[in-house]
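**Q** Mind looking over this structure? Questions follow.
The values are calculated or read from the model by the stated rules, or taken from the named source; none is laboratory data. Worth saying up front: this structure is predicted, and the values here are computed from it rather than measured. Neighbour counts are summed over all protein chains in view; Cβ atoms, including those assigned to glycine, are modelled from backbone coordinates with ideal geometry. Just the protein is used for accessible areas: all its heavy atoms, side chains included, with ligands, DNA and RNA removed. Shrake-Rupley method; radii C 1.70, N 1.55, O 1.52, S 1.80 Å.
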Amino acid sequence: MQNRRNFFKKCLFALHVTVVGAMGFNLSWAADAPINKAASEAKDTASALTALGVQNPGPGKRILLDVPEIVDEKTSVSIKVKSAIPNTDWIAVLVDKNPNPFVGQFDLLGKANSIETTVKFTQTSTVVAIVRADGKYYRVDKEIKVAGHDCN
């Protein structure tokens with residue numbers, strides 16, 4: 001019975017992340033959890049990271065950032081982040097060239113270690129994934145080229 005319950009929890013989590021991420025909302029499991037307004041309103045990546053409390057993130061050697069290298073202009077693109085760092089409790093995603101680079105902070109429950117969301121790109125940008133585990137921050141970046149805009 002416990003395995004079935006865990007299976008349904010994981011399915012609901014995956015569905016929630018996919019639906020909420022696809023709709024462009026910030027994800028938080030607690031209904032009364034405050035949305036980080038300062039991060040949402042930040043106009044650059046550095047300001048958003050400061051608003052999230054991210055200080056001196058280490059290298060994200062154990063973070064998988066799965067995004068295509070080249071995308072079509074204004075097409076919704078899936079961004080997947082998976083952490084192999086023990087005790088990961090949240091993952092944040094930012095896109096540096098967006099008017100508001102903060103895509104969302106995804107609070108994780110239990111043994112969940114990955115998120116998926118979608119974003120539209122209008123120009124070549126760098127996707128930044130931040131993972132918090134045991135109170136420490138880790139960062140991985142990947143440049144995404146936009147075809148039809150500024151790709152050669």
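**Q** For a quick check of your reading of the model, give me the residue pairs whose first member lies in the stretch 130-147 and is assigned to a strand (DSSP E or B), whose second is open to solvent by less than 60 Å² (accessible area, probe 1.4 Å) and among the acidic types (Asp, Glu), with beta-carbon atoms closer than 7 Å and at least 6 apart or on different chains.
**A** Listed pairs, sorted by first residue: Arg132/Asp89; Ala133/Asp89.
**Q** What are the pairs, 6+ residues apart or on separate chains, where a residue within the stretch 95-110 that is within 22 Å of Thr75 (Cα to Cα) has its Cβ under 7 Å from a residue that is part of a loop (DSSP other than H, G, I, E, B) and open to solvent by less than 30 Å² (accessible area, probe 1.4 Å)?
**A** Val95/Pro101; Asn100/Ala42; Pro101/Ala42; Phe102/Ala42; Gly104/Leu27
**Q** Hey, any hits in the stretch 80-89 for a residue that's assigned to a strand (DSSP E or B) and closer than 22 Å to Ala46 by Cβ?
**A** Checked against the condition, which is being assigned to a strand (DSSP E or B) and closer than 22 Å to Ala46 by Cβ, the stretch 80-89 yields at least one hit.
**Q** Follow-up question, since we're still on this one. When residues of the stretch 97-129 are filtered for being more than 16 Å from Gly60 (Cβ to Cβ), open to solvent by 10 Å² or more (accessible area, probe 1.4 Å) and part of a loop (DSSP other than H, G, I, E, B), how many remain?
**A** Residues meeting the conditions: 11.
Here is a yes/no grid of residues against (1) open to solvent by 30 Å² or more (accessible area, probe 1.4 Å); (2) out of contact with any Leu (no Cβ under 9 Å at 6 or more places or on another chain); (3) among the hydroxyl-bearing types (Ser, Thr, Tyr); (4) at pLDDT 95 or above:
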{"residue": "Asn36", "(1), (2), (3), (4)": "yes, no, no, no"}
{"residue": "Ser40", "(1), (2), (3), (4)": "yes, yes, yes, no"}
{"residue": "Leu49", "(1), (2), (3), (4)": "no, no, no, yes"}
{"residue": "Pro57", "(1), (2), (3), (4)": "yes, no, no, yes"}
{"residue": "Leu64", "(1), (2), (3), (4)": "yes, yes, no, yes"}
{"residue": "Asp72", "(1), (2), (3), (4)": "yes, yes, no, no"}
{"residue": "Lys80", "(1), (2), (3), (4)": "yes, no, no, yes"}
{"residue": "Ser83", "(1), (2), (3), (4)": "no, no, yes, yes"}
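**Q** Can you tell me which residue is surrounded by the fewest Cβ atoms within 10 Å (Cβ to Cβ) among those in the stretch 130-148 that are among the aliphatic types (A, V, I, L, M) and farther than 21 Å from Ala51 by Cβ?
**A** Keep residues of the stretch 130-148 that are among the aliphatic types (A, V, I, L, M), which gives 130-131, 133, 140, 144, 146-147.
Retained after the next criterion (residues that are farther than 21 Å from Ala51 by Cβ): 144, 146-147.
Details: Ile144: 20, Val146: 21, Ala147: 13.
Within the stretch 130-148, the match that is surrounded by the fewest Cβ atoms within 10 Å (Cβ to Cβ) is Ala147.
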